[in-house]
Amino acid sequence: MAAAAAARSGRSREPAVLLLLFCVGLLVSGWHPRDRVTWLLETGPVLIGVPILVATHRRFPFTPLSYRLVFGLSVLLMIGGHYHFARVPFGVWMKTAFGLRRNDYDRIVHFFGGFVPVILARELLIRTTSLRERGWILFLSAWSCLAGGALYELLEWAAAVLMGKNANAFLAMQGDRWDTQWDMFMTFVGAIFGVLLLTHAHDRQLARMGHDKHAA
């Protein structure tokens with residue numbers, strides 16, 4: 001019983017620990033970035049999303065898996081914001097090591113931009129709707145991520161219109177005319193992989209929290 005209580009206590013503290021690590025990472029990422037405006041644009045999703053999760057934590061706590069995934073995606077975005085996606089050292093290394101035409105770090109981020117939100121979408125559907133069919137939950141979760149990816153590309157287009165050439169670093173197209181399509185494709189693929197790989201682990205955590213009644 002003592003071990004179980006200690007485990008529950010550790011889980012209850014985990015969101016606070018992740019939030020602390022997130023704040024530290026955000027400070028490091030924002031310390032002399034290559035360009036401040038581009039940093040704000042590229043870290044914008046977490047600057048908006050994380051405060052929402054914090055504000056709703058007491059009323060609607062997500063599973064530990066969801067918070068861990070959000071933290072991981074936040075780290076990827078903060079790294080990209082600090083260096084600019086087209087100049088992230090890991091992407092430069094991949095380009096050299098594998099003979100790629102471009103720095104594909106942004107492709108990785110877009111993949112996880114579907115892989116992570118699909119679990120949040122799945123949890124919202126299971127906990128707030130009467131959907132019981134796994135097929136519909138998978139379908140709606142994945143397609144909501146594709147819609148989110150398309151919305152993000154529209155925001156990039158708006159930034160390009162408003163900022164002109166100053167938006168080049170944010171867009172990170174690197175001369176690829178199909179960059180928008182590739183970004184949405186990677187988001188959708190990431191969402192599918194997220195559901196396929198994490199459903200069982202997600203269901204176990206939902207069951208422990210008493211929210212598995214719709215995950216039939």
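The values are calculated or read from the model by the stated rules, or taken from the named source; none is laboratory data. What you see is a predicted model; the values in this text were computed from it and never measured. Methodologically, a virtual Cβ is constructed for each residue, glycine included, from the backbone with ideal geometry; neighbour enumeration extends over all protein chains shown.
Taking into account only those residues within the range 29-48 that are under 19 Å from the mean Cα position of the chain (by Cα) and more than 15 Å from residue 155 (Cβ to Cβ), which is surrounded by the most Cβ atoms within 10 Å (Cβ to Cβ)? In this case the residue turns out to be 39. Take residue 65 and decide whether it is surrounded by 13 or more Cβ atoms within 10 Å (Cβ to Cβ), over 24 Å from residue 87 (Cα atoms) and under 13 Å from the mean Cα position of the chain (by Cα). The answer is yes for residue 65. Residues in the range 78-90 that are modelled with pLDDT under 95 and either closer than 30 Å to residue 199 by Cβ or surrounded by fewer than 17 Cβ atoms within 10 Å (Cβ to Cβ) (or both): 80, 85, 87, 89, 90.
Using the structure shown, decide if residue 126 is β-branched (Val, Ile, Thr), in contact with an Asp or Glu (Cβ under 8 Å, 6 or more places away or on another chain), crowded, with 17+ Cβ neighbours inside 10 Å and modelled with pLDDT of 90 or more.
yes
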